[in-house]
1. Would you mind pulling out the separation of the Cα centroids of region A:25-49 and region C:11-34, in Å?
2. Just to be sure I understand the model, the point goes 7 Å from the Cα along the line to the Cβ. What's the resulting C:ARG7 to C:VAL414 distance in nm?
3. How much FRET efficiency would the formula 1/(1 + (r/R0)^6) give for C:GLU307 and C:GLU403, where r is the Cβ-Cβ distance and R0 is 41 Å, rounded to 0.05?
4. If you consider only alpha-carbon coordinates, what radius of gyration and Dmax does region B:345-420 have, in Å?
5. How big is the Cα convex hull of region C:37-172 in projection, averaged over all directions, in nm²?
6. Largest first, how would C:TYR61, B:TYR270, C:TYR83 line up by accessible area (1.4 Å probe)?
7. Defining a contact as two alpha carbons under 8 Å apart and six or more residues distant in sequence, what relative contact order in percent does chain B show?
8. Take A:TYR362, C:TYR31 and sort them by solvent-accessible surface of the protein heavy atoms, 1.4 Å probe, largest at the top.
Amino acid sequence: MYELCERLFPICRSITGDGVRKTLQMLVEVYGNEINIHEVPTGTKVFDWTVPKEWNIKEAYIENSKGQRVIDFKNNNLHVVGYSLPVDKFVDLQELKSVVYTQPDQPDAIPYVTSYYKECYGFCMSQNQLDKLPEDTYHIVIDSELKEGSLTYGEIIIPGDTEEEVFLSTYICHPSMANNELSGPVVATFLAKWLNLLVKRRYTYRIIFIPETIGAITYLSKNLQYLKEHVIAGFNLSCVGDNRTFSYVESRYGDTLADKAAKNVLSFYYPDYKTYSFLKRGSDERQYNAPGVDLPVCAICRSKYGEYPEYHTSKDNLELISPEGLLGAYEVYQQCILSLENNYSYKINVLCEPQLGKRGLYPTTSQKGTYDAVKVMIDFIAYADGSNDLIDISNIIGVPVNELLTVIEKLEKVDLLTRCD
Amino acid sequence: MYELCERLFPICRSITGDGVRKTLQMLVEVYGNEINIHEVPTGTKVFDWTVPKEWNIKEAYIENSKGQRVIDFKNNNLHVVGYSLPVDKFVDLQELKSVVYTQPDQPDAIPYVTSYYKECYGFCMSQNQLDKLPEDTYHIVIDSELKEGSLTYGEIIIPGDTEEEVFLSTYICHPSMANNELSGPVVATFLAKWLNLLVKRRYTYRIIFIPETIGAITYLSKNLQYLKEHVIAGFNLSCVGDNRTFSYVESRYGDTLADKAAKNVLSFYYPDYKTYSFLKRGSDERQYNAPGVDLPVCAICRSKYGEYPEYHTSKDNLELISPEGLLGAYEVYQQCILSLENNYSYKINVLCEPQLGKRGLYPTTSQKGTYDAVKVMIDFIAYADGSNDLIDISNIIGVPVNELLTVIEKLEKVDLLTRCD
Amino acid sequence: MYELCERLFPICRSITGDGVRKTLQMLVEVYGNEINIHEVPTGTKVFDWTVPKEWNIKEAYIENSKGQRVIDFKNNNLHVVGYSLPVDKFVDLQELKSVVYTQPDQPDAIPYVTSYYKECYGFCMSQNQLDKLPEDTYHIVIDSELKEGSLTYGEIIIPGDTEEEVFLSTYICHPSMANNELSGPVVATFLAKWLNLLVKRRYTYRIIFIPETIGAITYLSKNLQYLKEHVIAGFNLSCVGDNRTFSYVESRYGDTLADKAAKNVLSFYYPDYKTYSFLKRGSDERQYNAPGVDLPVCAICRSKYGEYPEYHTSKDNLELISPEGLLGAYEVYQQCILSLENNYSYKINVLCEPQLGKRGLYPTTSQKGTYDAVKVMIDFIAYADGSNDLIDISNIIGVPVNELLTVIEKLEKVDLLTRCD
């Protein structure tokens, strides 16, 4: 997964344009199967919004009077404000400063700045670099194009036994940033690979790679009714690459099946995970949870967008993320999916506790302590009363779902358990 | 408001009598409109109670053998037990002590004592003064009258767009005490003045000035059915004059609309406010919340009755209360009323987040931090799903109702919001 | 009660056999009335289980080559593994060790070991004693009999005004142990004596003395339907003899009427009581709360089984329990039963607060502090709105049920209260 991040890192993505297309092609290669690529024309009405013009950029730089490049888009694509109009102009230091953005509270970082819906141009550099610029005549060049075109997104559908769906959404619209961008589509692609290989899937999986906000709105405008009828749980994958913590962002009321699975899995996998209320949302869960949309979508992150210092600057780079960080997130999402796949209610087939001993499931001699060995099974049975689903039982008895799956297998083998579908 | 307290302070009020009438006249002057004055004859049955005889008093004193007045009703009307029968008698020190009440744990304070329902007489003085009295022959005089008469109360009705009512109750039955008595009717009168000037009122306002307990019972016995059908929220105004804290006394189960408004407003206005359960009640919320009465009435106080040392003694005087204390309570009640007036559900008119930028409500350039500026509006929209009323949204997103009213205005202006009536 | 424990202590009980019968005879003597004795034949199917063979034992010992008895069943019946087959054999030290159980973490205690469902034999001794045994030839003898017979249990039914039942279950199947065994049947027997003497009982009382687990399962297999239809609350009596604490073990969801009564009584009687979730269950509440059985049964213990060091060893002896310990448990169960007997809803007969003064129930003179004297009555009235039962009111106003019974009596006497049946 980390390697894929490395390959994707240099590409200049934005909410539209060839960077998105190139990114999707790389994901197709790794996924090894088809990804449906959709192109939505500029000007398409999507709810309250309109698909914007398509933006592409060839090069951009600022040169001083000696012909030295002060900054160059080739070195870091954050140097250009996203959706900048073309420009080719000589300016003095004062005018230069009027079109340069910095992050004064992080003076050595280049900020990430965009202006999607107001046409303008601009450059980004570190505050330190800007402070050192002498009076001079600067040549500012952006060779970009903003034109009628389309918004591009990718969509994978992996069918299951039912048409009920688990929905994974991630975004491909940020230029060279690692945790807040690449970790999301990369983990999503590897989850898709794994899901595709499963011999049996209860649910259908829908995994989309979209530009943030406008992409989610576009996707919803085309699929809302179907999604409302079929999605039983969904997750927004973003910031799943670093190794510092785990975070959980609640859905609008924190009470969906997705929240339930996320909280359950994290409580065992990483008990110190941070919980953020929906007031701390910031990615596409904003759209999925909007009034009237009402999809059961929450988010599990490592260090959450907006909550780590490198966020939306040049410091969110490949050093920030790690193979371990990506893998941890991948495993947590795997466990969420396995929890959902197996989240049935169960009912024990006998009245009173079953005699496990005669089935070889209970120690035959009773002394202090012998009971502990089978406590998980006994506790599972106690709450397998048909009123709790598997995640409920896991929460009540404090045992992870994957451990309970072993118990279920043993009990089903000796015909003591019925799954309530 | 403080001035009005000063004017009302000297009057000797009790649960009946001319002190009540004189007090109501002064309130009419300040209110500037009519207050309906009701007289309920002695002997009228009111639920389990009977309206008592009317009590009036001209003078009262204790004189020593040298003709010096030990205490005089003219100096402080707390010196006489409320509802004392007339007496004119010479007694020795021992007999004197048998009719004098003191507050031994506050030896320099004159306690406030009444005996409404058992005919007797008595005097009150400080423990210190009593301890210094020498053996002597004392002349004890109370020139009072207990006779068939009536119980007097006042009632203001300010009509609104609907017959649904907000109910404010306060009492006028205590002699010279400031926080526990005068602050209540004074703040209520000024709230009535303000309500009367509003150009638009959703609710009808009913504000009553009654003697405590027997007055509330009398009022309920005449109006219960109507009140049960029309009152959506009510407050008992008492002890709203000092500047030490804010207190909130729950209704019987703490779950009425009045409680909801009170808790919401106080949580922003004075987050350190004290909450008292209904077990700590003590004023007319006792009657309004009685089983079968079941009105949605709670109380907001400054220092609550029974919880501050000066309570029911001569120390609860004009020095205890202040213009700031009165104003604070007035403002909190105003905000409760405004919250109730505007407490509709709202629903956003578009699916997904609206594009605020094109309406000038969102920054056009996106960089870290720019989102914060419109966070209140975005959060309001996220919960404007028709299932929450305004106070709910205020509680969820942690923003006071009056700040949300500005947001609502902006959103209604650009047609993004629908009020659900 | 302590005396009865002393008499019962030496008997060698197991889940079947003459020890159980002898124990029941002694309880009949003390109870002074009939106890229904049931015998269920070996081989009877009881849900998922089968009633085992009956076990009786005459003597057992280990003798060294000098004819000295190393251990003797006569000294302590824990020396033999429960349900041991007969044996008479000479063995060397190594073979001896293979049939001896010890409790290594409590080296001076003899553990309590059983093997009901796998035929074998064994001895128990302290680790210390075992460690000192020299190489020798040992004569090991168990003169026991395992044969077709029956499982014995006792049942008391004390009829009340209704067929609704309160269910008490306790067990008689452990050999010489005091807190975990004898305290249970002894306290249950004395509760039965007391219940039998009551002039009026709202509920019918069913008190059973059974072997743990297999007895509960056997009893349920014969009575389940009737119990499900009639039991409104039940308690498992176990470990009610020592004086160190009180413990409460929740029913499966902690929300039955039995839980409600237990929590209420303990909160006043012993506020520092320990709460154990159902995950910490271990006695017959396991069967009563099994899925499909679903009886409203919880447990109140002193030091709970499994939670005190002497548990299931020779140290759980008559020194561990005390008359005070037994009495405390007896009183708590009495109060639970009285709470249930009186747990009606009540409704005050007047609107607004009643005038208690005219009925001699309220001080006639009002001064700071006088209100406190009648606060319990006033608070009771405030919540006597027909929606709360007596235990609810006790919880809300923080006053024990037995104190409220006095208030109810006073209010009923003056016709102010109606009981809602």
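1. Computed from Cα coordinates, the inter-centre distance equals 80 Å.
2. Between C:ARG7 and C:VAL414, the simple spin-label model gives 5.0 nm.
3. On the way: r = 31 Å, r/R0 = 0.76.
Given R0 = 41 Å and the Cβ-Cβ separation, E is 0.85.
4. Radius of gyration, then largest Cα-Cα span, for region B:345-420: 12.0, 36 Å.
5. On the way: hull surface 44.8 nm².
That works out to 11.2 nm², a quarter of the Cα hull's surface.
6. Values: C:TYR61 25, B:TYR270 65, C:TYR83 5 Å².
The most accessible residue leads, giving B:TYR270, C:TYR61, C:TYR83.
7. Working: 871 pairs, mean separation 67.7, N = 421.
Reported as a whole number, the value is 16 percent.
8. Details: A:TYR362 70, C:TYR31 15 Å².
Final ranking, largest accessible area leading: A:TYR362, C:TYR31.
The values are calculated or read from the model by the stated rules, or taken from the named source; none is laboratory data. Source: prediction; values computed, not measured. Ideal geometry is used to build each Cβ from the backbone, glycine not excepted, and the neighbour counts take in all protein chains shown. All accessible areas refer to the heavy atoms of the entire protein, side chains included, with ligands and DNA or RNA removed. Shrake-Rupley method; radii C 1.70, N 1.55, O 1.52, S 1.80 Å.
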